[in-house]
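Each remark here refers to the structure printed beneath this line.
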Amino acid sequence: MALEFDHVTKTFALPSGQELTAVSDINFKVEKGEFVSVVGPSGCGKSTILSMTAGLYQPTSGIVRVSGEVVTKPNPHVGFMLQKDLLLPWRTIVKNVEFGLESRGVSKSERRDRAMAELERCHLKGFENHYPYQLSGGMRQRAALARTLAIDPDIILLDEPFSALDAQTKLLIQDSFAETIKEAGITTLLITHDLAESVIMSDRVLVLSERPGTVQREIEIGLPNREHPLARRQMTEIHDYANEIFTLLKLDRRAA
Amino acid sequence: MSQATTQKLVALTILALVLLVWQFLPPALGVPKFIIPTVTDMLSELGRMYRREDLVANTLSTAWYTLLGFAIGSALGAAIGYLLGLSEFWERVLSPYILALQIAPKVAFAPLFIMWFGYNATPKLLVTVLIVFFPVLVNVLAAMKTVDRDMVNLARAYSMTRWQIFKKVEFPSTLPNLMAGLRIASTLAVIGVTVGELVGGNTGLGFLISYGGGQANAAMVFNAIVLLTVIGILLYSVLVWAEERLLHYLPKKEH
């Protein structure tokens with residue numbers, strides 16, 4: 001089992017003294033190598049799930065396990081990526097990819113070797129000595145993926161990594177991410193607002209309810225070609241899955 | 001002709017016009033030269049100051065204390081800015097006092113420092129340190145509060161220690177603000193030293209100003225002011241030069 005949420009509830013104390021329950025009694029499991037998306041209405045606690053997996057804070061009750069171990073602090077086996085690429089602007093791309101390795105006792109030359117290998121895997125060979133501002137948004141996200149993969153994580157958490165990209169770049173980067181992740185065989189949890197994205201990229205989609213968020217349905221995406229979202233996009237079944245999620249989220253009712 | 005060349009040409013023309021007007025207008029209006037000396041009066045006075053008033057030694061003394069005060073003041077300001085930036089508790093506790101001290105006119109402390117430390121270099125150094133300290137501290141502190149939390153979380157997720165997070169994320173993030181603070185401080189450093197020398201000194205350009213003023217030698221005062229400005233510009237230029245090199249990774253803004 002790569003990731004397991006066991007009756008997890010998280011409550012935050014607001015500055016006003018009130019309490020806010022972000023997620024309530026969350027239960028799900030992610031198998032090794034699986035790609036699972038989490039969708040839900042705004043403010044349903046998607047990012048809370050991610051932060052608890054990364055170990056940035058602990059659940060109020062319940063248990064989060066990564067690779068069978070209870071998460072109690074920032075976990076070196078978890079890599080995460082946000083909408084912002086979080087590249088350090090004062091470092092070259094290769095030095096950015098090395099960033100995650102610098103706290104793990106990896107020698108300088110090995111850091112460089114691993115970073116270069118990841119850059120090649122993420123199709124950024126030749127850009128290692130560029131600074132982030134010299135790269136396009138899509139390339140910066142690929143560099144962020146290279147940095148995430150460089151630490152050789154058991155699981156990667158993607159928090160809307162494509163939402164800041166323009167529509168066409170988004171399609172290409174989704175495809176390149178999907179292929180890289182499948183090749184590396186890494187367990188992935190993707191948080192997204194984009195229903196079509198969740199369907200074309202995942203093995204399984206978790207649909208959360210409104211706050212306090214809880215898993216209201218798990219949808220198995222029974223389609224081939226997970227490593228090629230562009231190809232999946234052509235399939236008619238995609239619309240059926242997206243419609244199903246759409247209905248579960250009661251988006252039509254919210255629009256009214 | 002390129003726009004840059006035109007700009008330079010216009011700027012130089014303005015300088016030439018100002019100097020011409022300065023040279024010929026006051027005498028034409030009958031203004032005596034102990035009120036407004038002409039450019040040539042100032043140049044000949046500069047020669048006299050070089051021969052009779054130890055101009056080089058006085059200029060170097062002022063430059064040295066400007067640099068020293070700037071270095072000590074900005075090092076202290078940066079160090080305390082970073083320390084307070086790391087501790088929200090102490091920042092909250094001390095910020096009202098910092099604000100009060102920041103608003104208090106630092107140059108007004110000069111007579112006090114002279115009473116305490118006597119007529120030597122210590123008072124002017126202290127005024128300079130004090131005046132340089134705050135813009136650096138305030139800039140660093142503000143920058144520490146606005147470091148991208150997600151970047152810090154990323155470093156935390158990579159299991160970095162507090163010191164590593166500071167060294168690899170927070171300090172470089174605040175570098176643009178630190179440099180901006182140093183630039184402001186460099187212009188204030190000259191003011192600090194000058195006030196110190198004006199109030200109670202027997203060396204430096206500030207002393208020459210008060211000495212020249214006492215003798216109704218306006219040319220001497222003007223010359224000292226020009227030299228003080230040159231010292232300030234030199235320090236400022238060095239900082240701009242360093243900043244361009246340190247912050248080369250920031251995309252150039254299009255004007």
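The values are calculated or read from the model by the stated rules, or taken from the named source; none is laboratory data. Computed from a predicted structure; not experimentally measured. Please note: Cβ atoms are built from the backbone with ideal geometry, for glycine as well, and neighbour counts cover all protein chains shown.
Say we look at segment A:90-101 and pick out the residues that are touching a Phe, Trp or Tyr at 6+ places or on another chain (Cβ under 8 Å) and under 16 Å from residue B:159 (Cα atoms); which of these is nearest to the other protein chains (Cβ to nearest Cβ)? Explain how you work it out, then say what you get.
Going residue by residue through segment A:90-101, those that are touching a Phe, Trp or Tyr at 6+ places or on another chain (Cβ under 8 Å) are A:90-93, A:99-100.
With under 16 Å from residue B:159 (Cα atoms) added as a condition, the list becomes A:99-100.
On the way: A:99: 7, A:100: 5 Å.
Out of the qualifying residues, it is A:100.
Yes/no matrix, rows are residues, columns are (1) farther than 30 Å from residue B:207 by Cα; (2) free of Cβ contacts under 8 Å to residues at least 40 places away in the same chain; (3) hydrophobic (A, V, I, L, M, F, W, C):
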{"site": "B:19", "(1), (2), (3)": "no, yes, yes"}
{"site": "B:29", "(1), (2), (3)": "yes, yes, yes"}
{"site": "B:33", "(1), (2), (3)": "no, no, no"}
{"site": "B:47", "(1), (2), (3)": "no, yes, no"}
{"site": "B:71", "(1), (2), (3)": "no, yes, yes"}
{"site": "B:75", "(1), (2), (3)": "no, yes, yes"}
{"site": "B:81", "(1), (2), (3)": "yes, no, no"}
{"site": "B:102", "(1), (2), (3)": "no, yes, no"}
Candidate set from segment B:210-255 (those that are more than 22 Å from residue B:58 (Cβ to Cβ) and aliphatic (A, V, I, L, M)); member that is surrounded by the most Cβ atoms within 10 Å (Cβ to Cβ): B:239
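Which one is farthest from the other protein chains (Cβ to nearest Cβ) among residues in segment A:67-89 that are in contact (Cβ under 8 Å) with a residue 40 or more places away in the chain and surrounded by fewer than 17 Cβ atoms within 10 Å (Cβ to Cβ)?
A:68
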Residue that is nearest to residue A:142 (Cα to Cα), among those in segment A:102-118 that are within 14 Å of chain B (Cβ to nearest Cβ) and assigned to a loop (DSSP other than H, G, I, E, B): A:102
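Counting only residues that are assigned to a helix (DSSP H, G or I) and within 23 Å of residue A:80 (Cα to Cα), how many does segment A:182-236 have? Let's see the steps before the verdict.
Of all residues in segment A:182-236, those assigned to a helix (DSSP H, G or I) come to A:182-184, A:195-201, A:229-232.
Adding the requirement that they be within 23 Å of residue A:80 (Cα to Cα) leaves A:182-184, A:195-201, A:229.
Residues that pass the stated criteria total 11.
I'd like to check something: does segment B:188-199 contain any residue that is out of contact with any helix residue (DSSP H, G or I) (no Cβ under 6 Å at 6 or more places or on another chain) and assigned to a helix (DSSP H, G or I)? Working first, answer last.
Within segment B:188-199, the first condition is being out of contact with any helix residue (DSSP H, G or I) (no Cβ under 6 Å at 6 or more places or on another chain), and the residues that meet it are B:191.
Next, only the ones that are assigned to a helix (DSSP H, G or I) stay: B:191.
Yes.
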Failed item in (1) of a type in the set (Ser, Thr, Tyr); (2) in contact with a Cys (Cβ under 8 Å, 6 or more places away or on another chain); (3) more than 30 Å from residue A:104 (Cβ to Cβ), with residue A:241 passing the rest: (2)
Residue within segment A:194-214 that is among the basic types (Lys, Arg), at pLDDT below 90 and on the phi < 0 side of the Ramachandran plot present: yes
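Of the residues that sit in segment B:146-166 and are hydroxyl-bearing (Ser, Thr, Tyr) and loosely packed, with under 14 Cβ neighbours inside 10 Å, which one is farthest from the other protein chains (Cβ to nearest Cβ)?
First, the residues of segment B:146-166 that are hydroxyl-bearing (Ser, Thr, Tyr): B:146, B:158-159, B:161.
Restricting the remaining residues to those that are loosely packed, with under 14 Cβ neighbours inside 10 Å gives B:146, B:161.
Values: B:146: 15, B:161: 7 Å.
This residue is B:146.
Considering every residue within segment B:100-107, establish whether at least one is in a helix (DSSP H, G or I), polar (S, T, N, Q) and over 13 Å from residue B:197 (Cβ atoms). Reasoning before the result, please.
Within segment B:100-107, the subset in a helix (DSSP H, G or I) is B:100-103, B:106-107.
Those left that are additionally polar (S, T, N, Q): B:102.
Filter again for over 13 Å from residue B:197 (Cβ atoms), leaving B:102.
Scanning segment B:100-107, I find at least one residue that is in a helix (DSSP H, G or I), polar (S, T, N, Q) and over 13 Å from residue B:197 (Cβ atoms), so the answer is yes.
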Single unsatisfied condition, residue A:121 versus (1) surrounded by fewer than 22 Cβ atoms within 10 Å (Cβ to Cβ); (2) within 13 Å of chain B (Cβ to nearest Cβ): (2)
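Among the residues of segment B:55-67, are any among the aromatic types (Phe, Trp, Tyr) and modelled with pLDDT under 95?
no
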Residue A:135 being within 19 Å of the chain's Cα centre (by Cα) and either under 18 Å from residue B:157 (Cα atoms) or in contact (Cβ under 8 Å) with a residue 40 or more places away in the chain (or both): no
Inter-residue pairs, beta-carbon under 9 Å, first within 13 Å of residue A:175 (Cα to Cα) and in segment A:228-241, second not in a helix (DSSP H, G or I), 6+ apart: A:231/A:224; A:231/A:225; A:232/A:221; A:232/A:223; A:232/A:224; A:232/A:225; A:232/A:226
Among residues of segment A:32-66, those that are modelled with pLDDT of 90 or more, surrounded by fewer than 19 Cβ atoms within 10 Å (Cβ to Cβ) and either among the small types (Gly, Ala, Ser) or under 24 Å from residue A:180 (Cβ atoms) (or both), counted: 5
Residue within segment A:133-149 that is within 14 Å of another protein chain (Cβ to nearest Cβ), assigned to a helix (DSSP H, G or I) and either farther than 21 Å from residue A:116 by Cα or of a type in the set (Phe, Trp, Tyr) (or both) present: yes
Criterion: away from chain B (no Cβ under 12 Å), at pLDDT below 90 and farther than 24 Å from residue A:161 by Cβ - qualifying residue of A:21, A:9: A:21
